[in-house]
Every structure is written in structure tokens, then in C-alpha cells.
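The values are calculated or read from the model by the stated rules, or taken from the named source; none is laboratory data. Since the model is a prediction, treat every value here as computed from it, not as a measurement. When we count neighbours, we look across all protein chains shown, and the Cβ atoms used for this are built from the backbone with ideal geometry, even at glycine. Heads up: the accessible areas ignore ligands, DNA and RNA and are worked out on the full protein's heavy atoms, side chains in. Shrake-Rupley method; radii C 1.70, N 1.55, O 1.52, S 1.80 Å.
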Amino acid sequence: MLRNPIETEKSLLIDLAYSTGVWQDGEADALLGAVLDQYYARELEPEHRVVVLPDANDKIVGWSYYAPSFHAPGVWDVWWIGVHATEHGRGYGRQLLLAIEADIKAKQGRVVVIETSSTEPLAKARRFYPKLGYKMRGDIPEFYGPGDAKVIFSKNLE
């Protein structure tokens with residue numbers, strides 16, 4: 001079951017993000033850390049969700065940040081989703097994303113959008129999303145930098 005993180009778990013969540021191998025030094029601290037700081041300070045919009053996925057022993061194995069899109073009603077963006085590298089292949093990513101979808105659907109969400117990078121460290125993610133019914137909708141070459149396209153996935157929940 002998903003739950004909300006507590007403030008003392010911030011460093012654990014940042015470490016989990018780094019374990020995935022997709023963040024360079026300081027990036028997760030700056031980007032995800034800022035989101036967590038806003039979350040703990042209750043500065044995020046009420047609809048924005050930060051959730052953690054604990055295992056059977058209450059050890060956090062994954063977490064996510066997702067929110068309604070500013071651009072279209074019923075569309076939600078998954079801004080971050082990650083499972084600790086030591087837990088990959090155990091079904092936690094699937095469990096986390098399906099729980100997120102159920103939460104979004106309960107809030108009358110109709111479409112989930114996930115954007116990722118075309119770089120090698122995110123190849124597993126690009127193979128994972130289609131397994132759960134996400135379709136690649138396109139890419140924007142050079143979006144994040146030379147040789148690094150933004151890859152866009154979506155899934156209709158209706």
C-alpha cells in the first residue's frame with residue numbers, strides 16, 4: 001500500500017533516486033529534494049501527490065511524485081517514479097505504478113503521461129512502461145541535450 005512520506009525520510013528518498021543510476025551528482029538533491037521540501041512545507045498544490053511504497057517489512061522500496069496536468073483536465077503527469085536498484089525485477093515498479101493509476105482514476109483522471117529520457121540509463125524504464133499498457137507517443141530530439149531526446153508515454157485509464 002502506498003503511503004505519504006515523512007520528513008525524516010527525505011535523505012532515504014534521495015538516496016533511492018541516486019541508486020537508480022539515472023541522476024548525476026547533485027541533480028536529485030536539487031530537483032527531487034526541492035519537490036520534497038515543498039511537500040514537507042505543504043507548499044505543493046493539494047492535488048499533487050508524493051507517495052512511497054514500503055515492502056512487507058515497511059522498508060521503502062519506491063516512491064513517486066505525480067500531479068494533474070496544467071494543460072488538460074483529467075490528464076495527470078508522473079514526474080518521478082523510482083524503485084531502489086536492489087529491488088528491481090521484484091514487481092515493485094509494477095505495484096507502484098498500478099497503485100498510482102488507481103489513485104489517479106479515483107480522482108477522475110483519464111490519461112497518465114510519463115516523460116523520460118532516451119539515454120541508456122533509462123532504457124529499462126522505456127521497456128517497462130509498455131508492459132503496463134503505456135504507448136510511446138513520440139520523442140523530441142535533443143530536448144535534454146545533444147543526443148538526449150524526451151520520450152513521451154501515455155495510457156488511457158478509461
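Accessible area per residue for the chain, computed on protein heavy atoms with a 1.4 Å probe, is 56 Å². Remark: the range 15-158 carries a charge dipole of roughly 800 debye about the Cα centre, counting +1 on each Lys and Arg Cβ and -1 on each Asp and Glu Cβ. Classify the chain: rounded, prolate or oblate, from the alpha-carbon gyration tensor (a ≥ b ≥ c, eigenvalue square roots; a/c under 1.5 rounded; otherwise prolate if a/b is larger than b/c)? Rounded shape, in that the Cα axes give a/c under 1.5. Assign one of three labels to the range 77-158, namely rounded, prolate or oblate, based on the Cα gyration tensor with a ≥ b ≥ c the square roots of its eigenvalues; rounded applies when a/c is under 1.5, prolate when it is not and a/b is larger than b/c, and oblate otherwise. Since a/c reaches 1.5 but b/c is at least a/b, the shape of the range 77-158 is classed as oblate.
Once the dipole of the range 1-96 is set up with Lys and Arg at +1 and Asp and Glu at -1 on Cβ about the Cα centre, which of Leu13, His48, Gly89 lies farthest towards its positive end? Highest projection toward the positive end goes to Gly89.
Using the Kirkwood radius over Cα pairs, work out the Stokes-Einstein diffusion coefficient for the range 1-46 at 10 °C and 1.306 mPa s, in µm²/s as a whole number.
Numbers: Rh = 11.2 Å.
Once the numbers are plugged in, D ends up at 142 µm²/s.
Normalised by the number of residues in the range 59-105, the average gap of Cα pairs under 8 Å and 6 or more apart makes the relative contact order 35 percent. Per atom type, the range 15-158 shows carbon and sulfur on 52% of its accessible surface, probed at 1.4 Å. For the range 53-66, backbone phi angles converted through the Karplus equation (6.51, -1.76, 1.60; θ = phi - 60°) give residue-by-residue couplings of 10, x, 7, 4, 9, 6, 7, 6, 10, x, 7, 8, 10, 9 Hz, Gly and Pro being listed as x.
Close Lys pairs in the chain (alpha-carbon distance under 20 Å; sequence gap of 8 or more, or different chains): 12.
Here the range 92-158 is assigned +1 on the Cβ of each Lys and Arg and -1 on the Cβ of each Asp and Glu. Its dipole about the Cα centre then comes out at about 340 debye. If R0 equals 30 Å, the separation of the Cβ atoms of Ser69 and Lys124 corresponds to a calculated FRET efficiency of about 0.75.
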